[in-house]
Amino acid sequence: MKTEYSVDELLAQMGAAIEARLAREAGARQPLMVGIHTGGAWLAERLHRALGLSEPLGTLNISFYRDDFTRIGVHPQVKPSRLPVDVEGRDILLVDDVLHTGRTIRAALNEIFDYGRPARVWLAVLVDRGGRELPIQADVVGARLALAAGQQVKLTGPEPLSLSIVDAGAREEA
């Protein structure tokens, strides 16, 4: 299995897929792009620039919306969420780095709905690695990967952005 992936190539594919989706969706307006801290925010910044979106970029920190505090603990570097415009009735393009169980996306949706009720939310992820625990799927995917037990997807950045597959033990040491 390949262990290194070109983030730039995957982002270009995602950008083209987002543009095509916006062109074919009836009534689609320019969406408010929102990246999930940390990797999703890095990716959203690149996609936002590449797509030339006029709305300001939003970011979410879902730390307080997670349901796995007992397993992972509270993240010590909590950053505030920033949604620069009202989400009520808006199309939102939510961006994250890796879709695995679906719990991160569920937490992000909970936070977005605390700000208002969007018209629709589209999900774009760099990697869909399967293993869903919740019925959540991405609308735009850079790569779909089937990983062996004990493997993890690791995005490092923000400059340069690098995507690799690592053994879970190696990820904890890094």
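Read-outs throughout are calculated quantities, based only on the coordinates presented, and are distinct from any laboratory measurement. What you see is a predicted model; the values in this text were computed from it and never measured. As a convention, Cβ positions derive from the backbone with ideal geometry for all residues, glycine included, and neighbour counts pool all protein chains shown.
Only helices enter the 222 nm calculation for the chain: every DSSP H run of n ≥ 4 contributes -39,500 (n - 2.57), and dividing by all residues gives -9500 deg cm²/dmol, rounded to 500. Summarising the strand pairing of the chain, around 30 percent of its internal DSSP beta bridges are antiparallel.
Would you kindly give the portion of the calculated P(r) for the chain that falls above 25 Å, as a percent of all Cα pairs? Tail of P(r) above 25 Å: 30 percent of Cα pairs.
The equivalent ellipsoid of the range 79-174 has semi-axes of 27, 15, 12 Å, largest first, where each one is the square root of 5 times an eigenvalue of the Cα gyration tensor. In the chain, excluding the sites themselves, the longest stretch lacking any of the GluC sites (Glu not before Pro) that are in a DSSP loop with at most 16 other Cβ atoms within 10 Å is 26-87.
Based on Cα contacts under 8 Å between residues 6+ apart, the chain shows a relative contact order of 24 percent.
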